[in-house]
Amino acid sequence: MIVEVGGTVGDIEGQPFLEAIRQMRMNVSRHDTLCVHVTFLPYIGATGELKTKPTQHSVRDLRSIGIQPNVIIARTDYPVSQDVTDKIALFCDVDKEAVIPLQTIDLLYEVPLILEDAGLGNYLVEQLQLEVGKPDLSEWRNLVKRMRAAKQAEPLRIAVVGKYVELHDAYMSVKEALFHAASAQNCRLEIEWIYSGDLEKEKGWDRLASAHGIVVPGGFGYRGVEGKIMAARYARERKIPYLGLCLGMQVMCVEFARNVLGLEGANSSEFESAEHPVIDLMLEQRGITDMGGTMRLGLYPCQLQPGTVAAEAYHNVPEVQERHRHRFEFNNAYRTRFDQHGMAFSGLSPDGELVEIAEIKDHPFMVGSQFHPEFLSRPNQPHPLFLAFVRAAAQRRDALPQEVVNNANGFVRKDVPDETERRK
Amino acid sequence: MPKPKYIFCTGGVVSSVGKGVTAAAIGRILKARGLRVAVQKLDPYLNVDPGTMSPYQHGEVFVTADGAETDLDLGHYERFIDENLNRTCNVTAGQVYGYVIDKERRGVLMW
């Protein structure tokens, strides 16, 4: 059991957890617990040195609470010499082999290999007196090798159109899921982060136009939604691969209602009391006033409709389980009309009532899911929808002469005025 | 089941230096030795979960299979150790205090 304590040692709010850990260490055998302390070595440019003093101080703080760390992992942006790690070992009272430098790297998935090669695995096993076999990281090493190779391959530009794009952490799983899928298909992933509000102000369109595929991830609140709707329209009309996640699926439906069905007043009732609420509050959600933990959350089944892009992406299995986080859903009153005009509902809840996946029929890949497939993507097992999306984006990249992509922004803007005009 | 062993991961000096990825990576190197591994995050804030927090403050809300809204580090854990975690894998100070206060009000703690 590995237990990470959030925050840093010395924060007042973290004290109760550290005290609990101290007490717990008294109650179990000496070889049953171990503390790994992760610190940072700042670099002083003037003298060209990595400083260990902050690490010493933080270990002193930890000891004053009654916890002596067994392992120190020293994060740094620069190479660390043996002198520095020995010094940390001496002043922090930790075995020399238990001070492990961890330099910043561009590939997260390499961290286990760095720690293993620095001897951490064997040290932990020895200290905890675990009886284990030889470590087998060969699969992981192959995975990292493949990711490294993909980083040298041809770039695949994916636009992520969202509201919180300044903070990439807000889309951590989406970013990782795209990376898993791109690496598995030997593509170097380049994400263009586009703030959807910018599209509303006619900004960022050149970057959107240069993308081989567009992702609209989940979100809440009306700000930036119209920009996402514009991005969905752009993807549909120009047949650019599009993956909509949660809200990204909902804006795809609103866009379709407005511009294909001609329902001008279509919107989600999350944002306004729309004339055509094509996205509406779920029946089960009515009457719920508390906001915390009350959405439709977690794993639910989704049945796939044969012959659809989504079903093919999932290798034609009849049913999948996916993780959800939503309050609103596709309004079934509009289902027939959508279906007649070219949108297929390729994934449904087992009772057929809830639209889980929607897709545009006459399009290489325009799929939206009410669930969040990004939560199930693993580096060794990229998610099927992300894989299919990346494959479609790579096909578009390979089919397009480069100048078409580069010059696309010239004619993109024609779409924009009527859309913004209409909202005024 | 053999006795569980506990590795506690603390952070010093500054935050955001990759403590979550480090914990997740330790999970992977232990799993590579045939051990069963789970990773848990203790968050010192008073919110019950990050579900109602601004993504600017907190980053992504990661959803577990059993429907808990959790810290994004759980995403790293699942991706690195390739196991599905559950709601017990993210404990916040708010949950602990809420539990204690609820018991106190119900009189369960009276002597």
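Here, each number is a calculation from the coordinates, and none is a lab measurement. All values reported here derive from a predicted model rather than from experimental measurement. Cβ placement follows ideal geometry from the backbone for every residue including glycine, while neighbour counts extend to all protein chains displayed.
In the elastic network of chain A, a GNM with C-alpha springs shorter than 10 Å, the most mobile of A:Val38, A:Val278, A:Val251 is A:Val38. Simple rule: put +1 on each Lys or Arg Cβ and -1 on each Asp or Glu Cβ in the protein assembly as shown, find the dipole, and look at A:Cys246, A:Cys35, A:Ser377; the Cα lying farthest toward the positive end is A:Cys35. Working from label points 7 Å from Cα in the Cα-to-Cβ sense, the B:Lys103 to A:Leu400 distance is 5.9 nm.
Under the shape rule built on the C-alpha gyration tensor, where the axes satisfy a ≥ b ≥ c, segment A:154-423 is rounded, since a/c falls short of 1.5. Sorting A:Thr294, B:Thr22, A:Thr85 from the fewest to the most surrounding beta carbons within 10 angstrom yields A:Thr294, A:Thr85, B:Thr22.
With unit charges on the beta carbons (Lys and Arg positive, Asp and Glu negative) and the dipole taken about the Cα centre of the protein assembly as shown, which residue among A:Ala274, A:Val317, A:Val5 sits farthest to the positive side? Farthest towards the positive end: A:Val5.
Mean per-residue shielding of peptide B:46-55 is 3, counting Cβ atoms of other chains within 10 Å of each Cβ. Can you compute the label reach from A:Ile105? Point 7 Å from Cα along the Cβ direction, backbone N cut-off under 17 Å, restricted to segment A:60-92. Correct set: A:73-81. Less than 5 angstrom separates the built amide H of A:Glu356 from those of A:Gly347, A:Leu348, A:Ser349, all sequence-distant by 5 or more or on a different chain. Counting beta carbons within 10 Å around each of A:His315, A:His57, A:His276 and listing the fewest first gives the order A:His315, A:His57, A:His276. Applying both filters, DSSP loop and at most 12 other Cβ atoms within 10 Å, to the trypsin sites (Lys or Arg not before Pro) of segment B:18-111 gives B:Arg36. Put a plus charge on the Cβ of each Lys and Arg, a minus charge on the Cβ of each Asp and Glu, and nothing anywhere else: the dipole of segment A:12-135 about its Cα centre is then about 420 debye. Were the residues from A:Asp339 through A:Glu353 laid out at 0.36 nm apart, the gain over their Cα-Cα distance would be 3.6 nm. Extension gain for B:Thr52-B:Arg36 works out to 2.5 nm (0.36 nm per residue, less the C-alpha to C-alpha distance). Distance between the C-alpha centres of segment A:1-20 and segment A:54-103: 18 Å, rounded to the whole angstrom.
So, with +1 on the Cβ of K and R and -1 on the Cβ of D and E, and no other charges, what is the size of the charge dipole of segment A:154-423 about its Cα centre, to the nearest 20 debye?
On the way: 30 positive and 37 negative charges, 84 e Å.
Value, rounded to 20: 400 debye.
Would you work out which of A:Ser138, A:Cys187, A:Gly162 lies farthest towards the positive end of the dipole of segment A:133-190? Charges go on Cβ: Lys and Arg +1, Asp and Glu -1. The residue sitting most towards the positive pole is A:Ser138. Take the Cβ atoms of A:Glu139 and A:Ser269, set R0 to 60 Å, and the FRET efficiency comes out at 0.80. For the pair A:Asn27 and A:Ser64, label points projected 7 Å from Cα toward Cβ lie 2.7 nm apart.
Candidate cross-link partners of A:Lys239 among the lysines, defined by an alpha-carbon separation under 22 Å and a same-chain spacing of 8 or more, comprise A:Lys203, A:Lys228, A:Lys361, A:Lys414. Once the Cβ-Cβ distance of A:Ala20 and A:Val317 is raised to the sixth power relative to R0 = 51 Å, the FRET efficiency obtained is 0.70.
Annotation note: GluC sites (Glu not before Pro) in segment A:120-172 located in DSSP loop regions with a Cβ neighbour count of at most 16 within 10 Å are A:Glu131, A:Glu166. Here r is the Cβ-Cβ distance between B:Asp66 and A:Ala46 and R0 is 56 Å; the resulting FRET efficiency, rounded to 0.05, is 0.60.
Of B:Tyr6, A:Tyr109, the sequence from fewest to most neighbouring Cβ atoms within 10 angstrom is B:Tyr6, A:Tyr109. Using only side-chain charges placed at the Cβ, +1 for Lys and Arg and -1 for Asp and Glu, the dipole size of the protein assembly as shown relative to its Cα centre rounds to 600 debye. Entry note, segment A:154-423: relative contact order of 22 percent, from Cα contacts under 8 Å with a spacing of 6+ residues. Placing dummy labels 7 Å off each Cα toward the beta-carbon, the span from A:Lys151 to A:Asp290 is 4.5 nm. If you run the Gaussian network model on chain A, springs between alpha carbon atoms under 10 Å, then out of A:Gly248, A:Gly218, A:Gly133 the most flexible one is A:Gly133.
Inter-chain Cβ neighbour count for A:36-48, averaged per residue, equals 4 (cutoff 10 Å, partner chain atoms only).
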